[in-house]
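The values are calculated or read from the model by the stated rules, or taken from the named source; none is laboratory data. Everything numeric here is computed off the predicted structure, so don't read it as measured data. Neighbour counts are summed over all protein chains in view; Cβ atoms, including those assigned to glycine, are modelled from backbone coordinates with ideal geometry.
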Amino acid sequence: MRLDVFGKSVEVVKRDSQWCTFYLGNEGKKRAAMDITIPSSVPESEVVAYVADLCHEWATSAHPSVTVTKP
């Protein structure tokens, strides 16, 4: 799934029962988001809320939430 995390583009995928997170660049490149770790026990339905709680310090008036974006 792709997320807008308080203005940052992030991709979250599950590989081998582990959540992996990546920052997405404007040119289609991506890099590991080592500062966003999601425990494997978090179900997909709770990923957005978990990331919002984890990264809430990034919130600004221009980017007040975490939302799912279209690929």
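Okay, here's what the table says:
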read-out	value
Some residue of the stretch 33-48 being assigned to a loop (DSSP other than H, G, I, E, B), aliphatic (A, V, I, L, M), in contact with a helix residue (DSSP H, G or I) (Cβ under 8 Å, 6 or more places away or on another chain) and buried (at least 16 other Cβ atoms within 10 Å of the Cβ)	yes
Qualifying positions in the stretch 10-32 - of a type in the set (A, V, I, L, M, F, W, C) and either modelled with pLDDT under 95 or part of a loop (DSSP other than H, G, I, E, B) (or both)	none
All positions within the stretch 35-53 that are in contact (Cβ under 8 Å) with a residue 12 or more places away in the chain and either closer than 14 Å to Lys8 by Cα or touching a Ser or Thr at 6+ places or on another chain (Cβ under 6 Å) (or both)	Ile36, Ser40, Val48, Val51, Ala52
Residue under evaluation Asp16, criteria (1) in contact (Cβ under 8 Å) with a residue 24 or more places away in the chain; (2) out of contact with any strand residue (DSSP E or B) (no Cβ under 9 Å at 6 or more places or on another chain), criterion not met	(1)
